[in-house]
1. Convert each backbone phi in segment 239-253 into a coupling constant with the Karplus relation 6.51 cos²θ - 1.76 cosθ + 1.60 (shift: θ = phi - 60°), then list the ³J(HN,Hα) values in order as whole Hz, x for Gly and Pro.
2. What helices in the chain pass both tests, a Cα length along the helix axis of 27 Å or more and a mean Kyte hydropathy of -1.0 or higher, using whole DSSP H runs?
3. Can you give the relative contact order of segment 301-395 as a percent, counting alpha carbon pairs under 8 Å and 6+ residues apart?
4. Amide H of GLY216: which non-local residues (sequence gap of 5 or more, or other chain) have their own amide H closer than 5 Å, using H built in the peptide plane?
5. If contacts are Cα pairs under 8 angstrom and at least 6 residues apart, what is the relative contact order of segment 358-443 in percent?
6. Please tell me the relative contact order of the chain in percent, rounded to the nearest whole number, where contacts are Cα pairs under 8 Å and at least six residues apart.
7. Taking the Cα-to-Cβ direction at GLN300 and at THR254 and moving 7 Å from each Cα, how far apart do the two end points lie in nm?
8. Quickly rank 73-86, 159-172 as a protection proxy: mean count of other C-beta atoms within 10 Å, highest first.
Amino acid sequence: MTELWERDAWELADDVRSGAVSAVELLDVHLARIEKLDPMLNAIAYLDADSARSRAVEIDRDVAAGGDPGPFAGVPLGVKELAQAEGMPDTHASMLYRDKIAARDCTEVARLRGAGAVIVGLTTAPEFGIPSFTNSPLHGVTRNPWNPARTPGGSSGGSAASVSAGMLPFCTGSDGGGSIRIPSSYTGLPGFKTTFGRVGDGPDEAFDSGLTSVPGPMVRSVRDAARYIDVTAGPTLTDPTSLPKPDPYEPIVTSGDPAARLRGKRVAWSSTLGYGVVDPEVEKVVREAAEVLIDAAGLQRVDIDVVLPKPGRSWGLLSAPNMAAWHLENAQGREDELDFLARTSIEGMPHLRARHLGAAVRKRHELLLATAEVFSQVDILLTPTTATTAFAAEGVLSGEVDGREVDLMILSAAFTAPFNMTGQPGFSIPAGLVGGMPVGLQAVARRLEDDLTVACAAVLEQARPWPKLAP
């Protein structure tokens, strides 16, 4: 019999709604998992068991009285510490804000809370969400449950580790350059980055002026990812880039034939995007998964040479105004409290000039034109999610891939960051194992065609199910 901590969030919620399982029972099971495993993984930044228990009791009373608490009724939820959950620390994983408390929920958390989720606490992230590993001065190193010597990735690393280890059924994440897809790939999870603006931002931090970052799910199943976005998607008054609520995604997964909307669609494969490099073993496993998906979905192969401009510095520069708006003033005179990457970012801001930002805007335009050319010929682009399996837990700034020394961007974000800059949806789908560690296949579609990426993930999940938990 499947243990409660092994089951999907949608399944647990439906059982709570029917009265088959109590919210309090779910909470106790997952708190026990956290107590057992988090000393090794260091994925939980803050725990509020008392408040969670009070909410679970309320949900059980509601169900007993004939009510329906919502699509995530009674399911324990971890909130990535870069987001706001009312009454909990609002630290940005930084010593600068170690004593700050969130006055209210961000939009994403408010919508999940309103859907019945029981917020247990916060999951770890790197400082300001900058690197693709999770190691901060505030909380230290977070580890991958597949191998604690490796990173779960970043910046949603604590969420990824918590879900992959069965400590929590689902968590919030966010993705400004791969921060949902990279940790999902490294920990064997399906990682859904929506079209930019699909989930409105706010209210206590402005919308992303760099137009790259999106909130989203850290989950173990495609159905959970679909239900999560069905709950959280939609516009907000404080985010002028937010989009109308789309048609629901969960029916794509539950239809019995998710391939229906994919048959005959044109698909291309790229293992470089014109500038990247990938470990040969990773490429082999991921390409095999791509072939399974193409055949199972009835996709039409198109042989094109995908050559995009390397995002490079422009990706980081586009986010500089947000960093300056929220952290530059607070960091003045306290730079020694920051980690290396955060300090470098903060100290570099006074030296930014219009020509630097102008060059980043031009580079983005080049990328938009190149990507538009690709998607005039195909409907779906398949790539590896990352160049390698997860690297050392403490983090690295460079590494070797297929005999070539590369920087951190190429090592982990080469295949993800471009589609933050273009605002397109990308779904990292578990593809298999290399050396006992998970790797992901990324499916990318045009803006607003998120449904195609959900269908790709659902087809591969059906054709070749993956282990939902770290062994």
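1. Each residue of segment 239-253 in turn: 10, x, 9, 6, 9, x, 5, x, 4, x, 8, 4, x, 4, 6 Hz.
2. Details: long enough: 354-375 (31 Å, 0.16).
Those that pass (Cα extent of 27 Å or more, hydropathy at least -1.0) are 354-375.
3. 44 percent
4. GLY173, SER174
5. Value for segment 358-443: 33 percent.
6. Numbers: 1167 pairs, mean separation 83.2, N = 471.
RCO, the chain: 18 percent.
7. 3.3 nm
8. Most protected by this proxy first, the peptides run 159-172, 73-86.
Read the figures in this text as sums done on the coordinates, not as results from a lab. Since the structure is predicted, the reported quantities are computational estimates derived from the model, not experimental observations. Note: ideal-geometry Cβ built from the backbone for every residue, glycine included; neighbour counts use all protein chains shown.
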